[in-house]
Each structure stands twice: as structure tokens, then as C-alpha cells.
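The numbers here are math on the coordinates, done by the rules we state, and not lab data. Only a predicted model underlies this, so the values are computations on that prediction, with no experimental measurement involved. A quick note on method: Cβ atoms are made from the backbone with ideal geometry, for glycine too, and the neighbour counts reach across all protein chains shown.
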């Protein structure tokens, strides 16, 4: 999902002006009492208006219904906090957030079929001939009659959605068994049945087919590496990411859960150091800084170390520094002593010396939809994933927050991994379908630039080139326990506010709590887990 759920910087220096801060985050006019939040961290009953809540400013397009007035007011503030872009009015409809966790993907780097079906978009480009031309047409040049005929054929045999799922799985099996003639025959059938503007299964199927073809032609790794090095224009990407951020609660859920755990763990500390292994645009920390500034006992000193990988252009030049200036500006506005330090490195390369951990600081470490990018023992005998956790444990943090996709794609063989990917992303595509019409070109852009890249990586790449290696909560729990961590229960009040937020989106979103952990899901499928450790 969600460098869907990836890092995005901001190269527009004007975005951090204090005027914009004042307009976008009217702290003095907030109906939420940030002082009271820290008094409510105890198990005693709390007033729904006295919550931390993530606020990044600007109006929300969603409305809260069927709640009493207090809950309604709190949830509306929550929506305002999480749905809107940070500070720049110029990109009010185009700023995302997604620690958001997947890397960006350019319109010009999509397959020919994806572009041709969405050429109505103002952001469409010609495909990259050197890499993407290997992708065959999966529907853009096919006439409507052929696709309708194919779907009618599937319908005559039963449920069309199930039949298309079975057809896609049959394609994967044929490829895995090296039955190339059968694979080509099945893929041609699938091509005329999928569409990036159709049902959720048809849209997902279009990207799964491209992944299968890339795998067959051994071009997946080549394409993925090319996509890593080229990104869309900043404002285009911000627009895609903000739409996904607005229509789906996945990142909001993760930010709220993590911020609540950090606020509670460090509520009595005068000096706090947050190490964020996916700084993104720093959106997650806006509200937490405001809340810390309003603590009844006085504002603590806060340091944030923001880590971003060196491949993304947002991690180079002045962009990550601009994130620090943005965070410093909001801290100055609320008289909170603040420092920012940036590190451009892949997570396994980060060492203790880089982090400048100082005595007397309460240390919080944040892994937002990022840890699954670090390879484990199935990829590298040095087991960089567990090694990173042991390094973090050696820092003696007060709390470590983990938000991850609840999916099992790390060590699964190819066919089960394909089926898992189909099942996981189908739920996500269905949730998008709930709130955005299928004929909206914005939805096509969101799915292409925020989700398709990761799908292709899971299906078409292997070894060290497959970086999308998700694990289920149970496996993460074992890893953390083996590294010496113990569970830090998430705050029950924050959980209740999240539950209310989900109801404002759709009744099909679910929140399951177990042993101090939260699982966000769509219908019967868990999609995102949030947990905390110390």
C-alpha cells in the first residue's frame, strides 16, 4: 500500500511560512483541549473533547453523523487534522501524507495499457520505451466490445468476480509451472477482462497481469529500479497522495495510534527524542508537537531525527531540510524548544553514532509502514531486519511504535503470495470504490501511482529486489520479543476515537483490538496493524 504508504518531502520552501501555519493550524481556536489530553492518559473516564487527535489543518470533506454532539465535535476536529494538507493553500487539494510508505511512481513509467486508459488525466505521459514498452497492452487499445464479450463469457459461467479471480490465479499457476503456452493463452483472456476503470477486481487485475508479464519476461526488477529513480512532478505526486490520504483512513489510523503511544510513554519527561525511520513530510508530528507544547507541566524539549532513503529525490538537496524548518516553525509558534536532524540512509545502514542519542532524553522510535522494506534472514544471512531491531533495543527506547500492512508476502512461495496479494489489495480497492466513483481520473491516478508499483514489485521481483516483504502481526510480535522488547499497550481512549472516525468513512471498516494491539480492516480482511513496544 499502501510508498503508498511512502516518504514524500516538500521542495516548496514557501510551504513552511508561519502565515500558512497560522491559517492552517489555528491552535488558539481549536475546540480540542490539548492540556487535558495528558490528564486523560490515565485509565479514568475522559471527555471526548479532551483528546490528542492528529491535526494538520484545513477543512475536511467528510462529515460525521449519528454521534452525540461531543463525539461529533471531536471527530470533526480529528478529520480536520488528518484529512487536509499541511500548510500550503496553493496545494489545498493536492498535498498527501502517506509515511505515507511506498516510493513514488511517475505517470510516464506506467505500462502502455495503464496510460492509454487514463489519457484523459492532465498528468498522463508517454511510457518509458526503454523499460515499460515490454509491458503489453492490457486493455487500453482493446475495444469495449471485446471486454464486454469477455465479461459476458465469465458471467455465463457463474459469478464474474470469482471467475476473474480464478482466471488470474490460473495465470499465476501456469507461469509458476513454466507452462508458457498455457500462460499466454490465459493472459490474453485476462487482458480483455480487466480494466483500470472497472470493478475493483478488474482494476486490480490489470496491475496483476502486468506484474505477471513482467515476471515472465524477467523485467520486473529492471522496471522497479527504473521507477525508483524517476518520480512525477512534486505537485502531481502530492495530489495523488492527498487523495488517497483523504479517502482512506489507513495512514490516519497509524499516525493516531503511534502518537498516542508516544505521548503516553513520554508524558512525564522534560526532554524527548523521536527517531522516525520514515520521516515522509513530517505530517505525523504536527499535532504531537502542539500537544506537547500545551502540557500542564510545561513544554518539554523535543528533538526529531528524520530518516529517509537516499534513492528518493525528496531525501536529497534541501527538501528534507525544509521538513525540519517546517517542524521548527510550528514549534516556535507554540514556544516549544525544538531541534531537527536528518539522515539520508537506508534503515539497515543507520548506526547508533548517526542518531546522537543523549543522556537524559526519553527516546521514542517510529516505524511507520517501513520496517517490511528491510530484508530478513530469507534474503540475507545477516538478517538485517532483526539486526536493526536489536540496534534499536540497544538504545533503550521508552517506546517503539510499529505500523505495518497485515499481509503475508515475505517468505510465501510465489502462488500463495500471488493469492495473498490479490486478496489484500482487492479489499483496498473495494474500500476506495466505496468513496470515489470509478470514472474519476483522480482515482485512476491514485491506484496507478500509489498502489500499482508495490503490486508489481511483489509479483514480478525476487531476492533483494523484492522490497515489499510484509509480515503478519504474529511474526512481528515474535521478532520484537526475540530482540528483547515487551508489549506497550495502546491507549484505549485513542482507540475509541479511531473507532468513531472509521464509522464516519464506512460501516465496512473494522477495528479489532487484542492484547494492546489494534487491527484496521475492511469487512472480514485485516489490512493494517498498529502496536507499541518498550
Exposure proxy check: 431, 506, 531 ranked by fewest other beta carbons within 10 Å? 506, 431, 531
Could I have the simple spin-label model distance between residue 377 and residue 411, label points 7 Å from Cα toward Cβ, reported in nm to one decimal? 0.7
Counting alpha carbon pairs within less than 8 Å and at least 6 residues apart, what relative contact order, in whole percent, applies to region 417-534? 23
Compactness index (Cα Rg / 2.2 N^0.38 Å), region 456-534: 1.32
For region 356-475, what's the relative contact order in percent, using C-alpha pairs closer than 8 Å and at least 6 residues apart? 34
Computed from the beta carbon distance with a Förster radius of 30 Å, FRET efficiency for residue 185 and residue 435 to the nearest 0.05 stands at 0.20
Using Stokes-Einstein with the Kirkwood hydrodynamic radius over Cα pairs, what translational diffusion coefficient do you get for region 319-386 at 20 °C and a viscosity of 1.002 mPa s, in µm²/s rounded to a whole number? 146
If the label point is 7 Å along Cα→Cβ of residue 271, which residues in region 340-360 have backbone nitrogen under 17 Å from it? 340-341, 355-360
In whole Å, what is the distance between the alpha-carbon centres of region 469-493 and region 381-414? 9
Starting from the alpha-carbon convex hull of region 346-470, give the projected area averaged over all orientations, in nm². 9.6
In the P(r) worked out for region 399-481, what percent of Cα pairs fall beyond 18 Å? 50
